[in-house]
Each structure stands twice: as C-alpha cells, then as structure tokens.
Amino acid sequence: MRALVRLMTNNPDKIARLTELGVDVEGRIPHIMPPNPHNRFYLETKASRSGHWIDFSGKTHLPEQGEGVIVEGMPVRGE
C-alpha cells in the first residue's frame, strides 16, 4: 500500500525524492511567507541556490494555512 499525501513545501526536490521513495504526492500546499527586511536575503538564497518555489509578491494564505502551529506541550495563545 502506498502513502498518499498533500505536502506543505516549497522544495521541488522534496516532492521528487518522496515520489522516488513510493509516496504519492497528491498535491502541494505552499509555505507563504511574505519577505521582509529580515528574511528577504534568506528567501532569495533558497530560491536561487536550491530552486525553492517562493513567491515574492505576497500571495494570501490558503485556508489550510490559517491555523496556528500546534506542538504538544506548548502553551496555546489566549489560554
């Protein structure tokens, strides 16, 4: 039985490697992070050196990206 996933990534090599390993990548959810003075150089480097798909025009988040990160044991904001 093969795994079927929607992968949150901007890295095309990750998708290719997982596919080679037998994971059926059904789709990709992009990480959307608007560049700012602190991360622009880092994001541009990821795009130019590693081929990451990064949108520098500031697309809006997808519905799947609207929830905050939940880590076991981490306090939840507002509680």
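Coordinate-derived values only; no laboratory data. Owing to the predicted nature of the structure, the values given are computational and were not obtained by experimental measurement.
The table below gives the values:
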{"quantity": "Residue-span extension gain [LYS46 to ARG6] - 0.36 nm each, minus C-alpha spacing", "calculated": "12.2 nm"}
{"quantity": "Rounded if a/c under 1.5, otherwise prolate or oblate - segment 1-57, Cα gyration tensor axes", "calculated": "prolate"}
